[in-house]
Amino acid sequence: MTRFAVEQLLAARTSATDEGAIGRMAQRSRDLRAKGEDIVSLTLGEPDFDTPLHIQDAATAAMRAGFTHYSPVPGLPELRQALARKFKNENGLDYDPSQISVGNGAKQVIVNAVMSLVEPGDEVIMLAPFWVSYAITVKLAGGTPVILPAGVEEGYKTPAARIAAALTPRTKLLMLNSPCNPTGALWSESELAEIARLVADHPRLLVLSDEIYEYIVFDGQAHSFAALPGMIERTITVNGFSKGFAMTGWRLGYAGAPAAITRAMTVMQSNNTAGVNPFVQRAGIVAIEGPRDEVQRMRERYRARRDMVLAALRAMPGVRIGDIPATFYAFPDVSEALGRKAGNHVLDTSDRLCDWLLEEHGVATVPGTAFGAPNSIRLSFAASEADIEKALARLAKAFASLS
Ligand code: PLP
């Protein structure tokens with residue numbers, strides 16, 4: 001009798017995804033630590049700060065006040081109203097509360113949007129380096145990611161002309177992420193305006209603008225794509241509480257979009273998780289409308305770490321890095337180090353380089369392959385200053401040792 005192989009029953013779409021390089025590297029560093037190894041991990045894109053206390057208190061009070069029942073799927077009306085005010089005052093965007101939907105993290109909101117828009121055969125433009133989940137989500141929807149890379153010398157920002165050349169009648173969506181994970185790049189208003197001109201000229205192109213790092217900007221200013229003339233009709237503006245408010249575990253994200261898209265996104269969500277936990281939503285109102293001192297304090301800590309990381313990386317042989325105007329990531333180009341020898345091994349890919357940094361030098365980073373940029377590696381400086389200092393000293397020693 002042949003052996004029953006349950007793997008053969010898995011749907012084909014399960015192979016469009018894997019657990020992801022970030023999760024894999026984070027897990028490997030936990031495993032090595034459990035064996036007693038001294039590992040510093042710079043893998044996770046998660047603030048090392050706890051959620052500000054006044055936001056935690058708001059959740060407790062809301063729970064006590066009875067916000068423990070099902071929520072309307074697109075979110076509590078009072079949160080959608082608060083978000084409409086936020087969009088207006090901070091981003092110059094006029095969304096009616098009915099155009100705003102609240103999901104379990106920006107991640108779910110992005111899945112809702114992609115599932116609502118992308119069909120088999122549709123092409124979705126990704127400006128590489130890009131956040132890992134974009135390509136996976138598009139593939140799950142049956143769409144085709146069209147990856148347009150930009151290098152460190154271009155500030156990791158794909159020029160508009162390269163986008164124009166990639167547009168076809170099948171192009172449906174362009175994923176924009178400014179400030180960007182993994183590079184920390186920030187698009188200026190004029191760079192966004194060049195993209196807006198392409199969108200205006202292309203009859204069926206929409207933009208998903210993921211603005212989740214808007215509160216972690218050190219130099220310059222974050223701009224909402226939808227604020228450009230004519231673009232509010234063509235844009236899904238995604239945002240969330242995880243990064244700026246240090247609320248990763250709470251799972252709270254939102255989007256403003258044309259009404260028909262918001263309705264479709266709500267239908268997608270109603271059939272999987274339904275509405276977000278209501279006491280989390282009540283705390284979200286306090287986060288958005290309450291004091292922002294903690295948000296600023298965290299940003300200044302990231303800025304000081306950014307300065308430390310940039311100074312150290314710039315002194316390392318084989319490492320190239322531009323500015324990091326925003327976010328808590330550094331994405332050095334390591335192509336000069338690739339192909340060099342560490343003892344008897346040749347480090348010919350960023351995956352091998354990251355394995356070697358972890359196993360031989362005790363620093364966990366993420367290979368750029370995961371972000372559509374195989375010649376780079378990502379370091380997160382959402383880690384304590386002591387850990388960052390230790391990691392940088394180890395990286396300096398590692399890169400200096402290559403022959
Ligand atoms: N978008 C980007 C660019 C991210 O880096 C992340 C998280 O790493 C998300 C969205 C998802 O955030 P959330 O925790 O709100 O799901």
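Structural remarks
- Qualifying positions in segment 192-213 - in contact with a Pro (Cβ under 9 Å, 6 or more places away or on another chain), farther than 20 Å from residue 117 by Cβ and surrounded by fewer than 18 Cβ atoms within 10 Å (Cβ to Cβ): 193, 194
- Residue in segment 368-389 that is surrounded by the most Cβ atoms within 10 Å (Cβ to Cβ), counting only those that are touching a residue at least 60 places away in the same chain (Cβ under 8 Å) and hydrophobic (A, V, I, L, M, F, W, C): 371
- A count restricted to segment 119-160 and to residues that are more than 16 Å from residue 209 (Cβ to Cβ) and either in a loop (DSSP other than H, G, I, E, B) or not hydrophobic (A, V, I, L, M, F, W, C) (or both) stands at 20.
- Residue check for residue 193: touching a strand residue (DSSP E or B) at 6+ places or on another chain (Cβ under 7 Å) and more than 16 Å from the ligand (Cβ to nearest atom): no
- Those helices (runs of 4 or more DSSP H) of segment 1-99 in which 3 or more residues are out of contact with any strand residue (DSSP E or B) (no Cβ under 6 Å at 6 or more places or on another chain) and over 22 Å from residue 294 (Cβ atoms) occupy 21-34, 77-91.
- Residue ID - surrounded by the fewest Cβ atoms within 10 Å (Cβ to Cβ), chosen from residues in segment 294-324 that are touching a helix residue (DSSP H, G or I) at 6+ places or on another chain (Cβ under 6 Å) and farther than 15 Å from residue 380 by Cβ: 317
- Identity of the residue in segment 214-233, surrounded by fewer than 19 Cβ atoms within 10 Å (Cβ to Cβ) and free of Cβ contacts under 8 Å to residues at least 40 places away in the same chain, that ends up nearest to the ligand (Cβ to nearest atom): 221
- Test result for residue 121, more than 12 Å from the ligand (Cβ to nearest atom), more than 19 Å from residue 253 (Cα to Cα) and surrounded by 22 or more Cβ atoms within 10 Å (Cβ to Cβ): no
- Breaking point among (1) in contact (Cβ under 8 Å) with a residue 24 or more places away in the chain; (2) surrounded by 10 or more Cβ atoms within 10 Å (Cβ to Cβ), for residue 38: (2)
- Selected residue (only one of 314, 263, 303, 251 is in the same structural domain as residue 108 (by TED's automatic domain parsing), more than 18 Å from residue 60 (Cα to Cα), at pLDDT 95 or above and of a type in the set (Lys, Arg)): 263
- A single entry from 153, 211 fulfils the requirement of being charged (D, E, K, R) and over 20 Å from residue 253 (Cα atoms): 153.
The values are calculated or read from the model by the stated rules, or taken from the named source; none is laboratory data. This is a predicted model, so every value here is computed, not measured. Positions of Cβ are backbone-derived with ideal geometry, glycine not excepted, and every protein chain shown enters the neighbour counts.
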